[in-house]
Amino acid sequence: MEEMTRQEFKGEWIYDKVTEQYERDYPSGKRAFKYLQSVLISLPWFLLTLCMMICFLNLNGYLNENENSILYCEFLADMSQAGGWVDSTSGYWYMIPTIAQPLVTRQFNLIFRFVH
């Protein structure tokens, strides 16, 4: 059974001494550059998503100052405390962070899909 090469593969033709045939090869230097490029594009989006998650954890009241967490943000967490803007006793306002989180995450995914 003969191995097929994808048409989209952009390698350079090299001579393989073992098989005594020419085959395509993608140089490791170019591959490393592509990996670095991928990390530099993905890392800011990952950090932005992480910050978004920390904000929503604080807004939902999952983080409090008693736990001594480095993720705790007093300004956002106070909104989920009694009498706060998204307090669970404030009608339906407490659902805003819960509903907004998947919507914002979806938008991030849609934007990131088109980043090249």
- Hey, got a sec? Which GluC sites (Glu not before Pro) in the range 1-97 land in a DSSP loop and have at most 14 other Cβ atoms within 10 Å? E2, E3, E8, E20
- Inter-label distance, nm, simple model (7 Å from Cα along the C-beta direction), V39/I96: 4.0 nm
- Note on the structure: In the list (1) 16.9; (2) 14.5; (3) 18.6, the entry giving Kirkwood radius over Cα pairs in Å computed from the coordinates is (3)
- Query: Which trypsin sites (Lys or Arg not before Pro) in the range 12-116 pass both tests, a DSSP loop state and at most 10 other beta-carbon atoms within 10 Å?
  - Reply: K17
- Starting from the Cα of E74, step 7 Å toward the Cβ, then list every residue of the range 34-54 with an amide N under 11 Å from that point. none
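Since every read-out is calculated from the coordinates, none of them should be taken as a lab result. Please read all numbers here as calculations on a predicted model, not as lab measurements. Glycine also receives a Cβ, built like all others from the backbone with ideal geometry; neighbour counts cover every protein chain displayed.
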